[in-house]
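The values are calculated or read from the model by the stated rules, or taken from the named source; none is laboratory data. Quick caveat: nothing in here was measured; it's all calculated off a predicted structure. When we count neighbours, we look across all protein chains shown, and the Cβ atoms used for this are built from the backbone with ideal geometry, even at glycine.
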Ligand code: ADP
């Protein structure tokens, strides 16, 4: 099966959040399983070029249409990890991908419509893929575009669309899609792409749901929540209508990249396997403790007998920012140290967290780091004892899985993928599909505090039990192995039914 992902992100060269991790991890796993897999993303001016090998322009005269005119592009190719990645450089005068960012421009809709249209042209011309995997609203429009091509008897490989978060749907003025050659009248109706919450708008994600051959989201619980509750964000009806082709598959994490045994960002490595002959440093959890000390030194926190409680998150309402703010005090009052790494695209929250940072400047037990920093993230995953994910809703969430892989016990709110990946050490029966941690149900400070107290009490009073939990968590297989099999099964299904 020859697979191409068309996406706005791929880690580590262009990553804002989980989407980039998923495209990278899943692609590498299907490739490892013997299926040629490549990725196409825009050639942003902010690509992490150090992470790309052999980057070269392979086509300087690749044309695509937008707004009724033909535009020239360059196609670049490079290797990321062991993955083949194509980059589309647009020479449109709007300089769509030279904005110093991935998202957040006023014309994001146009930027990604341009990209999606060019991507389909690229796939058609290359004619060497069996399946197209699109992601989120930015590339969902490939579904309607492919439908038109097929009606004109052009072969377009079947499309699988993955929705990573229903919060972002690509709502836009209906005329926007005329720029990529779609007739607005054919799509702007309640049964088609008209938005059900904002009827004056057209909804790009909805178009992807209707016209793609299969749709997935990133955990089974979130799949149900989006059909049955307001977490569908207005798409409940269309998801139910298409439920035969809608499934939840839990994301994995890339076990090579997120590996405490080899992690290039860690000063000390560790593992639960006994490897004393080859490298004595790997044999014990002492090195995890050494990273805790390094982290404290780096963040100027006191070296005290206290658990470090970490959080790494985009600071947006979805992630439970109110509970995160509350937890700063709560952790310290319960005898812990609080470390946050996060940034906010929302000015109000950005300012609020910067004020908090000022308030807690030089605090011996609080460190707020308000930037995006890969290396620090790895050190926090390792140097923390406890990791908190108090999301209001969470399609999948990766940080709880990464934390477990690094021997850090998560406290999560039981929702979406968090519910599918963590069971409660005190209440639930061990679930072989999930990792061990602490869970709470209500999205409130009180519910969080109870879970925090249980975790900190265990850390202080039952160190042996805590160590067992660390080891159990590190053993959990959150790699892409299983989930990639499920995706391959779907790729085969849509490939053979398109024949
Ligand atoms: P989402 O995609 O909703 O932001 P996920 O939990 O799926 O959340 O993925 C978040 C990813 O982004 C994780 O790999 C996490 O480590 C990373 N991340 C989030 N914020 C930061 C930050 N400020 N610095 C470094 N990495 C971050």
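Figures for the structure shown
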quantity: Residue list for the range 303-315, restricted to those being within 12 Å of the ligand (Cβ to nearest atom) and touching a helix residue (DSSP H, G or I) at 6+ places or on another chain (Cβ under 7 Å); calculated: 310, 311, 312, 313, 315
quantity: Complete set of residues in the range 437-464 that are over 18 Å from residue 381 (Cα atoms) and either touching a helix residue (DSSP H, G or I) at 6+ places or on another chain (Cβ under 8 Å) or crowded, with 21+ Cβ neighbours inside 10 Å (or both); calculated: 439, 440, 441, 443, 444, 445, 448, 449, 451, 458
quantity: The listed residue being touching a residue at least 12 places away in the same chain (Cβ under 8 Å), surrounded by fewer than 24 Cβ atoms within 10 Å (Cβ to Cβ) and closer than 16 Å to residue 250 by Cβ, out of 467, 419, 475, 493; calculated: 419
quantity: Selection from the range 12-29 of residues that are more than 18 Å from residue 481 (Cβ to Cβ), out of contact with any strand residue (DSSP E or B) (no Cβ under 7 Å at 6 or more places or on another chain) and touching a residue at least 60 places away in the same chain (Cβ under 8 Å); calculated: 12, 16, 18
quantity: Residue 420 being in contact with a helix residue (DSSP H, G or I) (Cβ under 7 Å, 6 or more places away or on another chain), assigned to a helix (DSSP H, G or I) and either within 10 Å of the ligand (Cβ to nearest atom) or within 27 Å of residue 261 (Cα to Cα) (or both); calculated: yes
quantity: Matching residues in the range 438-463 - criterion: being touching a strand residue (DSSP E or B) at 6+ places or on another chain (Cβ under 8 Å), in contact (Cβ under 8 Å) with a residue 60 or more places away in the chain and part of a helix (DSSP H, G or I); calculated: 448, 452, 455, 456, 459
quantity: So residue 177, is it in contact with a strand residue (DSSP E or B) (Cβ under 8 Å, 6 or more places away or on another chain) and part of a loop (DSSP other than H, G, I, E, B); calculated: no
quantity: Helices (runs of 4 or more DSSP H) contained in the range 329-405 and holding at least 3 residues within 8 Å of the ligand (Cβ to nearest atom) and at pLDDT 95 or above; calculated: 374-383, 399-405
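Condition check ((1) surrounded by fewer than 21 Cβ atoms within 10 Å (Cβ to Cβ); (2) more than 20 Å from residue 285 (Cα to Cα)) across all residues:
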residue: 350; (1), (2): yes, yes
residue: 359; (1), (2): yes, yes
residue: 363; (1), (2): yes, yes
residue: 369; (1), (2): yes, yes
residue: 380; (1), (2): no, no
residue: 385; (1), (2): no, no
residue: 390; (1), (2): no, yes
residue: 395; (1), (2): no, yes
residue: 405; (1), (2): no, no
